[in-house]
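Beneath this line is the structure, given in C-alpha cells, with notes to follow.
Readers should treat all values here as calculations from the given coordinates under stated rules, not as data from a laboratory. Since we're looking at a predicted model, the values are computed, not measured. Glycine also receives a Cβ, built like all others from the backbone with ideal geometry; neighbour counts cover every protein chain displayed.
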Amino acid sequence: MSPELLKNKNHYKNVLSIMDSSEWLLFITTFIRRKNLITKIYWTYLLIGLIGVFYIFFNYELVSIESRFWIVGITGGLLLSLLVTPVLHELIHAVVFKIFGAKSIKFKWNWSLFRFNVQANDFVLSKNKFYFICAITFSIFSVLPFVLAFYTDGILLFTLLSLSFFHALYAMKDLAVCSYLFKFPNCYIYSSEENKTIFYKSIP
C-alpha cells in the first residue's frame, strides 16, 4: 500500500489524526481502557504478573530475608525497562519498518510520554502488520522474561519478573493503538513527514 493510494478519498477515509504528545497521551488513556479482546488480554497479563510476584514474594517468605535480594532484582528490572529495552524495542520496530518498505526513519526521546520513539516518514502500515510488530516486541521483552523467571531464582528471578511487568507498561502505547484498530476490519496507519500519525479505514 502506497501513501498515494491511501489518500484516495473514494476508497479510504481519515478517521483520526494525532500530532503531538498531549494528543497521544489522551489517545493512550482512552483506548487502553476500551473493552475488547486486545485490552482484556493486556490487563489479564498484567494481573497474572502481579499475582505471580506476590505469590513468590510471600511463598518464599522474602520479607524476612535480611539480604533483600528481591529489592535489587526489582530495581534492576526497572532500570532495564527504562534504559535498555526501550531502545531495543524501538530498534526492532525500525528494522521491521525497513523490511516493510520504510525509506526514512527518525529516532527521538519523548519526555512527555517518557519513551524512546521511532517515526517512519511517509510510510503506510496495515493493521495486521502493526499487530505483528507489537506481538514481536511484547513477546521478547515481556512474555519471554516472565516465562524464564520461573526457571531461575534469586536476583535474576525478580529482575526478569520486574522487566516483564515494566516493559508491559512501556508497551501501553502500542497496545492502545492495537485496541483502537481492533474496531476496524480493514485499516491503515500513515506516518507523515511532519511527524503526524493518521489512521485510515477502507470505505465499503
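Can you list which of the trypsin sites (Lys or Arg not before Pro) found in region 170-204 are DSSP loop residues with at most 14 other C-beta atoms within 10 Å?
Qualifying residues, ordered by number: Lys183, Lys196.
At 20 °C and a viscosity of 1.002 mPa s, what translational diffusion coefficient does Stokes-Einstein give for region 65-182, taking Rh as the Kirkwood radius over Cα pairs? Give it in µm²/s as a whole number.
141 µm²/s
Going from the alpha-carbon gyration tensor of the chain, what semi-axes, largest first and in whole Å, does one get by taking the root of 5 times each eigenvalue?
Over the Cα atoms of the chain, the ellipsoid semi-axes are 36, 17, 14 Å.
If r is the Cβ-Cβ distance from Glu23 to Leu50 and R0 is 41 Å, what FRET efficiency results, to the nearest 0.05?
E(calc), rounded to 0.05, equals 0.85.
Evaluate the relative contact order of the chain (contact order divided by residue number), counting alpha-carbon pairs under 8 angstrom at least 6 apart; express in whole percent. Don't skip to the end; give the middle numbers.
Numbers: 270 pairs, mean separation 75.8, N = 204.
In percent, rounded to a whole number, it is 37.
Of the candidates Leu47, Leu82, Leu125, which one comes out as most mobile in a Gaussian network treatment of the chain with C-alpha springs shorter than 10 Å?
The residue that fluctuates most here is Leu47.
Work out the FRET efficiency for Ser192 and Val15 from their Cβ-Cβ distance, taking R0 = 25 Å, and round it to the nearest 0.05.
0.95
Using a simple charge model, +1 on the beta-carbon of Lys and Arg, -1 on the beta-carbon of Asp and Glu, nothing else, what dipole does the chain show about its Cα centre, in debye to the nearest 20?
Roughly 880 debye for the chain.
I'd like to know which of Asn121, Leu16, Thr152 lies farthest towards the positive end of the charge dipole of the chain, counting +1 on Cβ of Lys and Arg and -1 on Cβ of Asp and Glu.
Most positive-ward Cα: Leu16.
Looking only at Tyr180, Tyr170, Tyr55, which one moves most when the chain is put into a Gaussian network model with springs between Cα atoms under 10 Å?
Result for the chain, Cα springs under 10 Å: Tyr55 fluctuates most.
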